[in-house]
Amino acid sequence: MAETSTSNSNTTTSDGSPISDLAPDHLFSILLLLPVDSIVSFSMTCKKFRTLACSDALWESICRREWGPTSVDALKSSDYREGELSWMKIYDHVLHLDSVACHNLSETGGGEMLLPSPRASHSLNFVSDCLVLFGGGCEGGRHLDDTWVAYIGKDFRKRLEWQRVNSGSPSGRFGHTCVVIGNFLVLFGGINDHGNRQNDTWVGQVTWNETLGITLLWRLLDVGSIVPPARGAHAACCIDNRKMVVHGGIGLYGLRLGDTWVLELSENFCLGRWHEVVTHPAPPARSGHSLTCIGGSRTVLFGGRGLGYEVLNDVWHLDLSEGNGTWVQLLYELSDIPEGVCLPRVGHSANLVLGGRLLIHGGEDSHRHRKDDFWVLDIKAIPSIGFQPIQANSWKKLNTKGYKPNGRSFHRACADHSGRYLYIYGGMVDGLIHPVESSGLRFDGELFLAELMLQL
């Protein structure tokens with residue numbers, strides 16, 4: 001027995017920790033299962049573990065885990081990593097993000113350029129390395145039916161050369177939604193200048209090559225006989241890289257809606273089928289709100305204008321990964337958030353950006369004061385169990401540097417593949433008050449870029 005005991009004691013390493021005997025690749029796999037604060041604590045135990053826990057390979061894998069592979073691959077394939085900054089440092093810069101820098105991309109430099117006309121309640125998407133702009137409303141309450149495309153490539157700060165394309169576009173409308181699914185655009189609903197609500201579904205595909213340039217083909221999607229009621233000013237997003245979720249909006253006779261619908265697309269995008277998601281509780285009816293996919297089948301709804309014309313600041317979470325899903329309200333106290341009193345808004349944009357955060361920009365409050373601020377909501381703080389409150393420090397108002405855009409509402413915004421750059425176009429802005437324009441509003445035709453300041 002004594003010999004057995006001695007033999008067992010000799011199998012441990014000199015530091016008395018069996019974990020030291022694990023192969024580095026096994027330790028690597030274990031570390032990837034841990035939260036970041038536990039990995040940092042592990043790195044402080046000894047020099048050997050610090051080398052592994054601070055390795056560039058591990059932190060690149062952590063960034064992929066936390067932000068998704070698309071963002072990391074986009075960062076690696078471009079010139080973002082100036083000086084080859086380590087992934088651990090990049091993660092730290094993203095974690096402590098506190099500023100965005102704005103760049104005006106509308107200056108023509110004195111040359112004659114073909115540009116889209118000012119508009120609001122249009123759609124703007126980033127697909128196939130291009131910006132695609134469609135429709136919207138303009139002066140006099142008129143709709144637009146034009147489609148514009150601009151190739152971006154790898155130079156995100158350059159002035160864009162817009163190209164108008166004529167390829168069987170959907171009929172003129174504003175207040176529609178358009179989401180990116182793979183290399184396709186899926187457009188639904190909207191309102192025309194006669195006040196007619198739409199419930200048609202269109203698919204568009206953008207292609208670009210150096211010889212032929214940009215082409216965009218729209219076609220009406222066959223969705224069968226079951227379709228959502230006609231509407232505009234609703235919200236939508238893509239989930240699971242194959243489905244479109246639509247919520248709320250303004251239906252017939254100006255009635256605000258609170259229903260949720262899902263469009264499932266066939267493999268070749270030739271067919272689609274709608275079905276309604278009925279849950280209780282559910283977000284109250286509203287319009288001018290945002291719905292953003294935060295990964296997989298999970299979406300977050302924020303703000304909008306309710307049935308009583310009140311401007312909202314509530315946050316709701318929907319997970320459709322299992323069955324019909326359930327809406328859960330995520331509670332928080334405005335009074336606990338610095339400057340939180342200005343969070344309620346309608347006509348804002350909300351995009352998932354680098355670092356797994358929801359970036360909210362602009363919109364207007366109940367007095368129609370248009371906003372120029374940027375807020376982030378850390379989606380990692382969204383509780384996995386319903387009815388737990390969002391921590392106040394999950395909200396942060398960002399500083400703005402560089403170009404100072406006007407406050408705006410009912411603009412549109414879209415992020416590039418990395419999630420570091422956000423393109424923002426158009427909207428309603430405050431203008432000079434003329435006798436025939438008692439509201440003092442005007443439509444804007446400005447394109448600007450909001451860049452997350454990472455000090456890379």
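The values are calculated or read from the model by the stated rules, or taken from the named source; none is laboratory data. None of the values given here were measured: they were computed from a predicted structure. Reconstructed Cβ throughout: ideal geometry from the backbone, glycine too, with neighbour counts over all protein chains shown. What goes into the accessible areas is simple: the full protein's heavy atoms, side chains included, and nothing from ligands, DNA or RNA. Shrake-Rupley method; radii C 1.70, N 1.55, O 1.52, S 1.80 Å.
A few remarks follow.
- The chain: calculated mean residue ellipticity at 222 nm from DSSP helix runs of at least 4, using -39500 (n - 2.57): -3500 deg cm²/dmol
- Largest first, the residues Met44, Met244 sort by 1.4 Å accessible area into Met44, Met244.
- Per residue, the solvent-accessible area of the chain (1.4 Å probe, heavy atoms of protein chains only, all protein chains present) comes to 46 Å².
- Scaled radius of gyration (Cα, divided by 2.2 N^0.38 Å) that the chain gives: 1.08
- Violating pairs (Cα-Cα greater than 19 angstrom) within the set Lys76/Lys243; Lys371/Lys396; Lys76/Lys154: Lys76/Lys243
- Above 22 Å, the calculated P(r) of the range 281-401 contains 30 percent of its Cα-Cα pairs.
- Normalised contact order of the range 153-276, rounded percent, pairs of Cα under 8 Å and 6 or more residues apart: 20
- For Lys401, a cut-off of 14 angstrom between C-alpha atoms picks up these aspartates and glutamates, skipping any fewer than 8 places away in its own chain: Asp98, Asp372, Asp373, Glu451.
- Accessible area (Å², 1.4 Å probe, nearest 10) - Trp162: 30
- Radius 15 Å from Cβ of Ile379, net charge of other residues (Lys, Arg +1; Asp, Glu -1): +2
- Relative contact order of the chain: 14 percent, from C-alpha pairs under 8 Å at least 6 residues apart in sequence.
- Each peptide in 224-235, 402-413 gets a packing score, the mean of other Cβ atoms within 10 Å over its residues, and the list from highest to lowest is 402-413, 224-235.
- Packing order of peptides 335-341, 236-242, 259-265, 26-32, highest average first: 259-265, 236-242, 26-32, 335-341 (average count of other Cβ atoms within 10 Å over each peptide's residues).
- Solvent-accessible area, 1.4 Å probe, carbon plus sulfur percent, for the chain: 53
- Convex hull volume per residue for the range 275-317, taking Cα atoms only, in Å³: 85
- Taking every protein chain into account, the 1.4 Å probe leaves Arg50 with about 130 Å² of accessible area, to the nearest ten.
- Environment charge at Val203 (Cβ cut-off 12 Å; Lys +1, Arg +1, Asp -1, Glu -1): -1
- For the peptides 116-126, 269-279, residues were scored by their other Cβ atoms within 10 Å and the scores averaged per peptide; the highest-first order is 116-126, 269-279.
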